[in-house]
Every structure is written in structure tokens, then in C-alpha cells.
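Everything below concerns the one structure shown next.
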Amino acid sequence: AAVAAPAHATPGVPLTPEMQLETSTDFAMLIQAARDAAGDTAVVFFDGATGSNYLQTFHADGSPYSARIKFAPGGSNTVVAMDKSGEVTLAWVESSYSSGPLILDLLAQRFALDGTPQGDPIMVAPPFKSRAFGGFGVASVGVAMDDDGDFAVKWIKGWDLTIPLGPGGYSSLSIDEA
């Protein structure tokens with residue numbers, strides 16, 4: 001499948017060709033991309049044919065840097081960020097269900113530009129019960145990285161707004177419904 005993720009100059013002139021994702025079919029969706037200072041790109045996507053999430057990285061000229069890497073088989077709301085040197089951080093939500101309510105976990109994992117995992121996924125927040133906000137229990141997930149590779153993950157669960165401050169902790173603001 002072609003991904004329309006070329007770099008653009010200020011007047012909107014493409015600097016790179018479209019990047020070709022490795023998919024089972026042309027059914028790639030929920031695509032997110034991030035770019036480093038050199039123009040290398042990390043793309044995360046859901047392959048509808050396999051039902052899995054993948055990461056694939058590209059050189060600045062749009063040629064593949066890595067093959068697709070499967071991660072978070074049960075994940076949703078996947079987002080990606082890159083630091084200036086090409087280190088990649090992904091964040092996503094995984095759900096599990098056993099006789100009670102749907103339980104959601106917010107996870108993050110780092111990868112090198114070549115797609116090599118830099119450790120195991122980490123749990124960004126304690127598991128929480130879904131309040132079925134937006135049908136998923138999590139309204140929004142985001143991740144950002146600074147030039148040194150430190151990252152922060154943000155999410156909104158139900159009506160609770162939680163903003164992590166980095167790998168070591170987070171703060172939250174809960175808005176109760178009246």
C-alpha cells in the first residue's frame with residue numbers, strides 16, 4: 001500500500017516520494033507518522049488483513065530502512081514520536097476481558113531507527129476499567145519526545161485527564177460528571 005507521507009518544502013513541494021508500506025493487502029489504516037531531524041520517518045499502522053499493528057521506518061529519500069515490525073497485537077489508539085537522532089517511541093492501549101468489565105492498559109515501547117526494540121513495553125499507567133468513552137474507554141492518546149529522547153505520553157480516559165510527566169511518573173486531573 002502507498003502511504004502519502006512525503007516530506008514537503010515550505011511551498012508544499014514534495015521532497016520525497018510516497019513511502020511503500022509492507023502490508024498483506026492494500027488494507028492499511030490508522031496510520032501515524034513521525035520524522036526526525038535528518039528526515040527519516042517512522043510509520044505505525046494497522047493491517048486490516050492480519051489484524052495486527054506494525055512499525056516500519058524509512059530513510060529520508062523514502063526508501064525502506066526496516067521491514068515491518070509487528071507489535072501490540074491487541075493494541076489500539078497507537079501513536080508514534082521520534083527524537084532528532086531517530087529513536088522511536090510508540091504508545092498504545094491494550095484491552096483485556098475476563099468475567100468483569102473491560103480492562104485497559106496504556107503501554108509504551110522504544111525502538112531504534114532500524115526497528116530493534118529498546119527493551120520491553122512499559123506500562124505507563126495502572127490498568128483501568130473502561131468507562132466506554134467513545135466506545136473504547138480512551139478518547140485520545142499522544143506521545144512526544146524531546147531532542148534527548150525523553151518522552152511523555154498523554155491520554156484521556158472517560159472524563160479523567162491524565163498527563164504523564166515522563167518515564168518515572170504522571171499526574172492526573174479527574175473531572176467528575178455531575
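The values are calculated or read from the model by the stated rules, or taken from the named source; none is laboratory data. In this text the structure is predicted, and so the values were computed from the model without any measurement. Virtual Cβ from ideal backbone geometry, glycine too; neighbours counted across all protein chains shown. The area values use the complete protein model at the heavy-atom level, side chains included, leaving out ligands, DNA and RNA. Shrake-Rupley method; radii C 1.70, N 1.55, O 1.52, S 1.80 Å.
Within the stretch 51-74, track down each residue that is among the polar types (S, T, N, Q) and farther than 22 Å from Asp120 by Cβ. Step through it out loud before you land on a result.
Taking the stretch 51-74 as the starting set, the residues that turn out to be among the polar types (S, T, N, Q) are 52-53, 56-57, 63, 66.
Ser63, the sole residue that qualifies.
Quick check on Gly86: is it assigned to a loop (DSSP other than H, G, I, E, B), open to solvent by less than 60 Å² (accessible area, probe 1.4 Å) and modelled with pLDDT under 80?
So Gly86 fails the test.
What tally of residues in the stretch 1-28 results from selecting those that are among the aliphatic types (A, V, I, L, M), open to solvent by 70 Å² or more (accessible area, probe 1.4 Å) and modelled with pLDDT of 70 or more? Lay out the reasoning, then the answer.
Here is the first cut: in the stretch 1-28, the ones among the aliphatic types (A, V, I, L, M) are 1-5, 7, 9, 13, 15, 19, 21, 28.
Subset that is open to solvent by 70 Å² or more (accessible area, probe 1.4 Å): 4, 13, 15.
Then drop every residue that is not modelled with pLDDT of 70 or more, which leaves 13.
Result for the stretch 1-28: 1.
Anything in the stretch 48-70 that is modelled with pLDDT under 85 and buried (at least 22 other Cβ atoms within 10 Å of the Cβ)? List them, or say none.
Selection gives nothing.
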